[in-house]
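Working notes, structure below.
The values are calculated or read from the model by the stated rules, or taken from the named source; none is laboratory data. Remember, predicted model here, so these are calculated numbers, not experimental data. The protein model used for the area step is the full one, side chains on, heavy atoms only, and it has no ligands, DNA or RNA in it. Shrake-Rupley method; radii C 1.70, N 1.55, O 1.52, S 1.80 Å.
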Amino acid sequence: MPDNLPVISLMLVDDHPVVRNGLRGMFESVPGFTVLGEASNGVEAVELAADLDPDVILMDLRMPGGGGLDAITELTRRGIRSKVLVLTTWDTDTDTLPAIEAGATGYLLKDAPQDDLFNAVRQAAEGRTVLSPAVASRLVTAVRTPAPSPLAARERQVLELVAKGTPNRDIARELFISEATVKTHLSHVFTKLGVTDRAAAVAKGYEQGILGRD
């Protein structure tokens, strides 16, 4: 490694001492990295990060006494400059998406090759997003898949007709229901979309992709 490149400082967060020891030994065996400290849970991690100011935090997610997701959220809230690189065995949607949304710079699985981990830390230190192939695939799928509609099928039908300017009596006639039932469906639509009138419901329907779907 060229002498003019800065050394990247690290903090390790994992509830298993064996994992932390292994990571410390790995990073201290090559030039360009220094491990400033370790934490066994998310609560410790937040306080230690504020004191040590590492460039990159390697963060596990599921830890007794304080999980990684809450720690990432709090680090972001506090404006801690450290980049968080999630390093975990979990790659489910309930883990990956919230971690990225909370402010994690990257997400790797613990079975990543050593060189990939070194490169990921270097990229994270530069502020570049690093994702394992499996996680990247999940994120792309999530982006491409529309969120499910919060409305029931009949409620969506009513909203679609409202969007066309159809009055309640004509909606009732077209759907073979009473006007009172139309009003009930509309009331449910307003509640679910967090609006108070027809125009706002239509606008919210397009915003959330409920209207305009094939």
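Summary table below
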read-out	value
Inter-centroid distance (Cα atoms) of the stretch 164-181 relative to the stretch 68-106, Å	48
Å² of accessible area per residue within the stretch 6-61, as computed with a 1.4 Å probe and no ligands counted	40
Overall dimensions of the stretch 153-208 as given by Cα atoms, namely Rg and Dmax in Å	10.2, 29
Percent breakdown of C-alpha pair distances by 10 Å bin, ordered from the shortest bin, for the stretch 15-142	13, 49, 34, 4
Percent carbon-and-sulfur accessible area, the chain, ignoring ligands, DNA and RNA, probe 1.4 Å	53
Cross-link partners of residue 192 among aspartates and glutamates (Cα-Cα below 16 Å; sequence separation of 8 or more within a chain)	155, 160, 207
Three principal axis lengths of the chain [C-alpha, angstrom, descending]	77, 30, 29
Cα-based reach from residue 83 at 20 Å (exclusive), listing lysines while leaving out same-chain residues under 8 positions away	110
